[in-house]
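Colleague: Here it is, the structure in full.
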């Protein structure tokens, strides 16, 4: 991934979070110097080395941020916005938070509805985790130390904003969709 694109995915995610009417604290946790130099210092959390390996879970980073960066302040929710899912919008973020509050949900993940048939042509009520947003109350996170648990509910996003960059092909699709969104603005 090129430097410009790596930074742009963080920027898209950060811009969407900053515009949210509900998010009161933003922590960008990274060790990537390209990203660090583009961000305001008060947002950056330079990860400790033990959290910078490829095998470190998102849960370990969330736990670290809750334990070390929230200074004992209590929050209703923590929302993990991964830059590898850059197409989620501020409206997606706010709608998910509103949905969780209305449902009194303590844990919610974003998904998209499968539209292509799978085995035997079945597509009804099949949802795929898209990696864009994980919302959880800190108390539930502390209980399970997982972003997904038996209480987790789903928030459905459109498939066109549900790209999760795991491969070079995903990256190319995301870039194409991001350029399309920029032209539409």
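Colleague: If the Cβ limit is 6 Å and pairs must be 6+ apart or interchain, which residue in segment 30-42 that is surrounded by 16 or more Cβ atoms within 10 Å (Cβ to Cβ) pairs with which residue that is modelled with pLDDT of 85 or more?
Modeller: Once the first residue is surrounded by 16 or more Cβ atoms within 10 Å (Cβ to Cβ) and sits in segment 30-42, its partners that are modelled with pLDDT of 85 or more give 39/28.
Colleague: Being touching a strand residue (DSSP E or B) at 6+ places or on another chain (Cβ under 9 Å), surrounded by fewer than 17 Cβ atoms within 10 Å (Cβ to Cβ) and not in a helix (DSSP H, G or I) is the filter here, so list the residues in segment 151-178 that pass it.
Modeller: Residues satisfying the conditions are 151, 153, 154, 156, 158, 166.
Colleague: Also: Which pairs do you get when a residue that is closer than 9 Å to residue 93 by Cα, found in segment 9-24, comes within reach of a residue that is outside any helix (DSSP H, G or I), reach meaning Cβ atoms under 6 angstrom, with the pair 6+ apart or on two chains?
Modeller: 16/89; 17/23; 17/26; 17/81
Colleague: Inside segment 43-63, can you point out the residues that are surrounded by 13 or more Cβ atoms within 10 Å (Cβ to Cβ) and assigned to a helix (DSSP H, G or I)?
Modeller: 43, 51, 58, 59, 60, 61, 62, 63
Colleague: Could you please find all residues in segment 96-135 being more than 14 Å from the chain's Cα centre (by Cα) and under 22 Å from residue 21 (Cα atoms)?
Modeller: 98, 99, 100, 101, 102, 103, 104, 105, 106
Colleague: Restricting the search to segment 64-91, which residues are over 15 Å from the mean Cα position of the chain (by Cα), within 15 Å of residue 28 (Cα to Cα) and surrounded by 12 or more Cβ atoms within 10 Å (Cβ to Cβ)?
Modeller: 64, 66, 69, 70
The values are calculated or read from the model by the stated rules, or taken from the named source; none is laboratory data. The structure displayed is predicted, hence computed values, not measured ones. Don't worry about glycine lacking a Cβ; one is built from the backbone with ideal geometry, like all the others, and counts go over all protein chains shown.
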